[in-house]
Amino acid sequence: MTKLHWEERGTGEPILLIHGNGANTLTWGRSFDDLAEGHRVIAYDRRGFGRSPGPPAARMGDHVADAAALLEELGAAPATVLGWSAGGVVALGLAVERPDLVSALVLEEAAFHLPLHPTRGGLRFSYRFEAARLRRDRRAAAQAVFDYALDYRDDGSQFDRFPPEWRASMFDSAEAMAAESSHLRRLWPRRKAVTAISCPVTILTGSRSEPAFGAAARRLARILPAARYVEVPDAGHGVHFDQPERFRDEVLACA
């Protein structure tokens, strides 16, 4: 396992927070403390993001291995594993490959099999991202990711509402972001593997997020019919940012 930056708060049954593409420990905001009121909450920066050094992961499975090693190192398994966006893909992979480490899953706008859900926003993103990559302009490529994932479907941008220190820290991970955007074009983990997940699953999606994420959430709900599906009103891609109280309640309902 690469050396990871991690933080821990609270005591009780463990919850592991796995952030999305371009995010980091900082971007959990108040939800880190909210969940720690009655639980042992662990958040970490995935390799190449935030304060975790090293080159970007070669595949999403590397992040699964890191999460498994961290839980074992900290003696925090089995844990409720909460994955946001690309972190939701990592959480799914962990439940598939190491079910002994996962007591429950919470998938917040998981970026699951996004290529199966093309949208106008997704097509614009692909054009902007590839053009920036050809120019070797990592900042522009990162901005394309943020605009795609964090724009509200009606009007405005969640990214623009983030605190300035969040936004600055997210741009610092531009190299890892570009690599991960490419990894997410693969249909991983495979559908058949996901159907074998047996732990309790909660699927959270925001009513104002990019339509591809809502479609991905509904696909997951079909694949996992025993899962609890929750659409949170007036929330974008970062449900925990727009609706922190509702987010806390939904996570703690299954933790």
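Observations, loosely collected:
- Under Karplus coefficients 6.51, -1.76 and 1.60, residue-wise ³J(HN,Hα) of region 90-105 in Hz, glycine/proline x: 4, 4, 4, x, 5, 5, 6, 8, 9, x, 5, 9, 10, 8, 7, 10
- Mean sequence separation of contacting Cα pairs (under 8 Å, at least six apart), scaled by the length of the chain, corresponds to a relative contact order of 22 percent.
- Highest mean first, the peptides 16-29, 66-79, 154-167 sorted by other C-beta atoms within 10 Å per residue fall in the order 16-29, 66-79, 154-167.
- Take the convex hull of the alpha carbons in region 133-255; its mean projected area over all directions comes to 8.7 nm².
- Rolling a 1.4 Å probe over the protein heavy atoms of the chain, with every protein chain left in place, gives an accessible area that is 50 percent carbon and sulfur.
- Accessible area (Å², per residue) of region 4-155, counting only protein heavy atoms and a probe of 1.4 Å: 39 Å²
- Karplus 3J(HN,Hα) series, Hz, for region 249-255 with 6.51 cos²θ - 1.76 cosθ + 1.60 (x for Gly, Pro): 5, 5, 5, 5, 5, 10, 7
- Over region 204-243, the reciprocal of the mean inverse Cα-Cα separation, the Kirkwood hydrodynamic radius, stands at 10.1 Å.
- Taking amide hydrogens as placed 1.01 Å from N in the peptide plane, the amide H of GLY206 sits under 5 Å from those of VAL232, each at least 5 positions away in sequence or on another chain.
- The distance separating the Cα centre of region 40-112 from that of region 170-200 comes to 11 Å.
- The HN-Hα couplings worked out from phi for region 162-179 by the Karplus form 6.51 cos²θ - 1.76 cosθ + 1.60 (θ = phi - 60°) are 5, x, x, 5, 5, 4, 4, 5, 6, 5, 5, 9, 4, 5, 5, 4, 4, 5 Hz, whole numbers, x standing for Gly and Pro.
- The chain - convex hull of alpha carbons, volume per residue in Å³: 106 Å³
- Computed from the alpha carbon positions, the gyration tensor of region 47-158 leads to an equivalent ellipsoid with semi-axes of 29, 17, 12 Å, biggest first.
The values are calculated or read from the model by the stated rules, or taken from the named source; none is laboratory data. All of these numbers come straight from a predicted model, not from anything done at the bench. Cβ sites come from the backbone with ideal geometry, for glycine too, and all protein chains shown count toward neighbours. For the accessible areas, the whole protein counts, side chains as well, though only heavy atoms, and no ligand, DNA or RNA atoms are used. Shrake-Rupley method; radii C 1.70, N 1.55, O 1.52, S 1.80 Å.
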